[in-house]
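Asker: Here it is, the structure, as structure tokens.
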2 protein chains.
Amino acid sequence: MTASKTVIVLGADGYIGWPMAMHLSRLGYQTVAVDNMVRRRWDEEGGTFSLLPIASIEDRLARWHELTGKTIAFRDLDLCDGEALDELIAEWRPAAVVHFAEQRSAPFSMIDQEHAVRTQVNNIVGNLNLLFSLRKHAPDCHLIKLGSMGEYGCPNIDIEEGFITINHKGRSDRLPFPKTPHSFYHLSKVADSENIHFACRVWGLRSTDLNQGVVYGNATEDTALHPDLATRLDFDSVWGTALNRFCVQAATGNPITVYGRGGQTRGYLDVRDTMACITLALENPPTAGEYRVFNQFTEQFTLNQLADIVVAARKAHGFESEVVHLENPRVEMEEHYYNATHSSLLDLGLQPHYLANTLVDSMVSLVQQHADRVDPVLLERPSVTWKGGGNEYWKQYAGTSAQSRLREADAKMVQRALGAGAGSAAAHREESAAGAGGRS
Amino acid sequence: MTASKTVIVLGADGYIGWPMAMHLSRLGYQTVAVDNMVRRRWDEEGGTFSLLPIASIEDRLARWHELTGKTIAFRDLDLCDGEALDELIAEWRPAAVVHFAEQRSAPFSMIDQEHAVRTQVNNIVGNLNLLFSLRKHAPDCHLIKLGSMGEYGCPNIDIEEGFITINHKGRSDRLPFPKTPHSFYHLSKVADSENIHFACRVWGLRSTDLNQGVVYGNATEDTALHPDLATRLDFDSVWGTALNRFCVQAATGNPITVYGRGGQTRGYLDVRDTMACITLALENPPTAGEYRVFNQFTEQFTLNQLADIVVAARKAHGFESEVVHLENPRVEMEEHYYNATHSSLLDLGLQPHYLANTLVDSMVSLVQQHADRVDPVLLERPSVTWKGGGNEYWKQYAGTSAQSRLREADAKMVQRALGAGAGSAAAHREESAAGAGGRS
């Protein structure tokens, strides 16, 4: 690690972007955090919110400086604004860029035509603009791009890391691994990967494409320093993950809802391992013109296995949890072969944190501290289906202000503390959540 | 064939789109031609033009009706306008859509950032909008999408038709054929293919993706009826093909310019075979949910072989042609393995027209009729490089009006016919072209 190197984190207000910016700043990199704050606006659009309260970006940056003496620079910038991005890259000429700045929800991309188009344009154009700016102002920069294991789909052969050697009719070549992505969002990431690969081949850029699994956990060395440094915890069906949903359901005494038969297998990793993986990639850059792909996850689980882990963790504390299967809102295989190679990051020295009862315990504990903020409809009802798009639950919440509901929830929490009753429908929802929370 | 079926041709003012619309109309389909006329504006933007004069869309449609009694409906519409496209599909509920409506030049997509972004947004969003409109208003419609053999790149194994069965570590799956596309344009087509495949998997749409080789020729049964029914002949380095350039160079007595060593191998087909292939696909639709890929070409040639064919065709008439090799403006392999399967359309009954002296003769003859319109700079100088984008030739022509230069050329032709001299630079260029044409 060279302490004086400049690293730009694109999408630094997001779930992983924010802890990543702190992590790099802690390590001594000159860290530049960039975000257009659109993730918070998407919450407003869909009536969703982080269960864990998150501070404004200004408060995050100020608190980080106050507690560590380190400064993270910040720029409010949209990657689809090619000129602004060009100026950013020219200004900093970074040694590396870590690119999280994409719409990252599969269900969000499946809501309707407008969301599919918005997802693909936002992601593909932002990434394409970045490639041109790097070529122009920082051709030696290491582009660390966050891809997704969901780009591959679920092939009936082992998934390799980006490339596969194919022997065919007596000849052989090492070619990009064939992909059958899960959603319009994942399709946008496939297009990104192909554009980056091309820019490396033709222009000699260098890039690491990290096909990341599902990330869980909220506690890093840095987020733990102060509540203002916390990162998001999404539990709704658009932005949350299955594991988050299961933990919130278990913590609030609600049934754990598995979509479909539950044999859907994916790769998973702890957010601390995301920090470590990206740092390893950063410290071991590819050569000029090299495009390499790492599969960034540490364990594979089926949905049923995840549910079992949560059930077992709660049982260890004497709590029983029910598991129910809902009709699958997605179009996907529910029983399938899945075996993905993920040795490159281990070879670079990754020491994984495996999913254990202690992690589930800490997530459940975190949820219980904020149980009054849980909205049971957002928690339990898939609001987007792959065949039909945004359904009645999406429409119910779209455009409503999550903030006003949170203020209601906070008011109800106070009322309950004072022993007062409440009659409105919103209050009833909050009561149910609180009541459920009280049972577990 | 069911004569009453409605087929929409998207991009019906283009090189292939226009003869395709006439072909379908002749066959008795209710044909709806759609175009936003942007190809003509791109000519204005880049100072390029069709060597063969083309009539306005209004004159084309009127002439077709006058000569055949058949009516082709027309809509001026941009696929990126999702609402207008939705209304179109709802209005006609077509049995099939033939989709040519994309920016189709690799060099155009490599000019600069703006052209790369414009190409990918135009193509990807237009295609994505189409998928949503079909799902909504015509879910049984057969989407016939024009892809490109250039999506595959030049792998060291045989190229299969869209999918390949991979045996790997003792397991097997049939997966999308891995692609390493040649340009940002080809990358946009790869993204299209993946979006269409997804829409077939998840929504049950049906589609034939035609990965077409390089098309040559201007004479179909229909274009031959009248000069107003002619289709484009592009010879410049942005919109023209190598074979067109070679024919124009040979016809005007200029050296044949091969980029690089000339071992670059691609698939080729006659425009009459394009008509036949698309008709075969149309008359043999896939089942609901099926996404199939046909490789649409009839012969493979290296650039050197193409040059040799043109040289031989001219020699048969007693004319000598010189072949020169220019520095390759593209980043590509110049000697490589290339063998692409293309049996699906033959299995459906395609009877190919192979590239022969007679075709080259007819192209040379066509060029000589319009030799005064040839601009030797546009003909001989690559104006876009893969590493540097639009060069001094691009900048020289961008924004200049091709029409005013064509008017000059026409005036000079008249002057020459009258035996008058001319001194301007433009006149000198035209004189050179005409003089060169006179030598051959």
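Any read-out appearing in this document is the output of simple, stated calculations on the displayed coordinates, not a laboratory observation. Please read these numbers as outputs of a predicted model, since none were measured by experiment. Virtual Cβ from ideal backbone geometry, glycine too; neighbours counted across all protein chains shown.
Asker: Mind listing P(r) for the protein assembly as shown? All alpha-carbon pairs, 10 Å bins, whole percents.
Answerer: Going from the shortest bin to the longest, the percentages are 2, 12, 21, 23, 18, 12, 7, 4, 1, 0, 0.
Asker: Where the centre of each part is set by its Cα atoms, how far does segment A:86-129 sit from segment B:286-308, in angstrom?
Answerer: 34 Å
Asker: Another question, then. From the Cα gyration tensor of segment A:252-394, with a ≥ b ≥ c the square roots of its eigenvalues, which class applies: rounded if a/c is under 1.5, or else prolate if a/b is larger than b/c, or else oblate? Mind dumping the intermediate values first?
Answerer: Working: a/c = 2.00, a/b = 1.49, b/c = 1.35.
Note, shape of segment A:252-394 comes out prolate.
Asker: Please identify the DSSP H helices in chain A that span no less than 30 Å along the helix axis (Cα) and have a mean Kyte-Doolittle hydropathy of -1.0 or more. Walk me through the intermediate numbers first.
Answerer: Values: long enough: A:113-137 (35 Å, -0.35).
Span-like helices here: A:113-137.
Asker: Here's something else I'd like to know. If segment B:120-237 were replaced by its equivalent ellipsoid, with semi-axes equal to the square roots of 5 times the Cα gyration tensor eigenvalues, what would those be, largest first, whole Å?
Answerer: Taking √(5λ) for each eigenvalue gives 29, 22, 14 Å, largest first.
Asker: When every alpha-carbon pair in chain B is counted, what percent end up more than 37 Å apart? Don't skip to the answer; put the middle values down first.
Answerer: Numbers: 21538 of 96580 pairs.
Of the Cα pairs, 22 percent sit more than 37 Å apart.
Asker: Test of the criteria: in segment A:181-288, which GluC sites (Glu not before Pro) are in a DSSP loop and have at most 12 other Cβ atoms within 10 angstrom of their Cβ?
Answerer: A:Glu221
Asker: A further question on this structure: If the cut-off is a Cα-Cα distance under 21 Å, which lysines reach B:Lys70, setting aside same-chain residues fewer than 8 apart in sequence?
Answerer: Of all the lysines, those that pass the test against B:Lys70 - Cα under 21 Å, at least 8 places apart if same chain - are B:Lys5.
Asker: 7 Å along Cα→Cβ for the label point: how many nanometres lie between A:Leu348 and each equivalent label in the other copies, listed shortest first?
Answerer: Those label-point separations list as 4.6 nm.
Asker: Right, next: How many percent of DSSP beta bridges within segment B:213-368 run antiparallel, rounded to 5?
Answerer: 35 percent
Asker: Rounded to the nearest 20 Debye, what is the dipole magnitude of segment B:1-112 about its Cα centre when Lys and Arg each give +1 and Asp and Glu each give -1 at the C-beta? The partial results should precede the final answer.
Answerer: Numbers: 11 positive and 17 negative charges, 143 e Å.
Computed charge dipole of segment B:1-112: roughly 680 debye.
Asker: Right, here's the next one. Considering only B:Gly267, B:Gly253, B:Val238, whose Cα is most displaced toward the positive end of the charge dipole of segment B:238-292, charges sitting on Cβ of Lys, Arg (+1) and Asp, Glu (-1)?
Answerer: B:Gly253
Asker: With the cut-off at 1.5 for a/c, could you classify segment B:178-290 from its C-alpha gyration tensor as rounded, prolate or oblate?
Answerer: It comes out oblate by the Cα gyration axes.
Asker: Check the straight Cα-Cα distances from A:Lys189 and name the lysines below 19 Å, setting aside those fewer than 8 residues away within the same chain.
Answerer: A:Lys145, A:Lys179, B:Lys179, B:Lys189
Asker: What's the longest uninterrupted piece of chain A once you rule out the chymotrypsin sites (Phe, Trp or Tyr not before Pro) that are loop residues per DSSP with at most 16 other Cβ within 10 Å?
Answerer: The segment A:1-318 is the longest one with no such site.
Asker: Another question about this same structure. Just from its helices, what would the mean residue ellipticity at 222 nm be for chain A, if runs of 4 or more DSSP H residues each count -39500 (n - 2.57) and the sum is divided by every residue, rounded to the nearest 500 deg cm²/dmol?
Answerer: Computed mean residue ellipticity for chain A: -13000 deg cm²/dmol.
Asker: Which value, in Å to one decimal place, does the Kirkwood hydrodynamic radius take for segment B:1-153 when every pair of different Cα atoms is included? The partial results should precede the final answer.
Answerer: Working: mean 1/r = 0.0617 Å⁻¹.
Computed over Cα pairs of segment B:1-153, the Kirkwood hydrodynamic radius comes out at 16.2 Å.
Asker: If you don't mind, there's one more thing I want to ask. Quick one: dipole size for the protein assembly as shown, taken about the Cα centre, charges +1 on Lys/Arg Cβ and -1 on Asp/Glu Cβ, in debye to the nearest 20.
Answerer: Charge dipole, the protein assembly as shown, about its Cα centre: 500 debye, nearest 20.
Asker: Next question. Please list, or write none, the lysines whose alpha carbon is within less than 24 Å of the alpha carbon of A:Lys395, excluding same-chain residues fewer than 8 places away.
Answerer: Leaving aside lysines fewer than 8 places away in the same chain, those within reach of A:Lys395 are A:Lys387, B:Lys136.
Asker: Run the dipole for segment B:223-311 about the Cα centre, Lys and Arg Cβ at +1, Asp and Glu Cβ at -1, nothing else charged, and hand back the magnitude in debye, nearest 20.
Answerer: Dipole magnitude for segment B:223-311 comes out near 260 debye.
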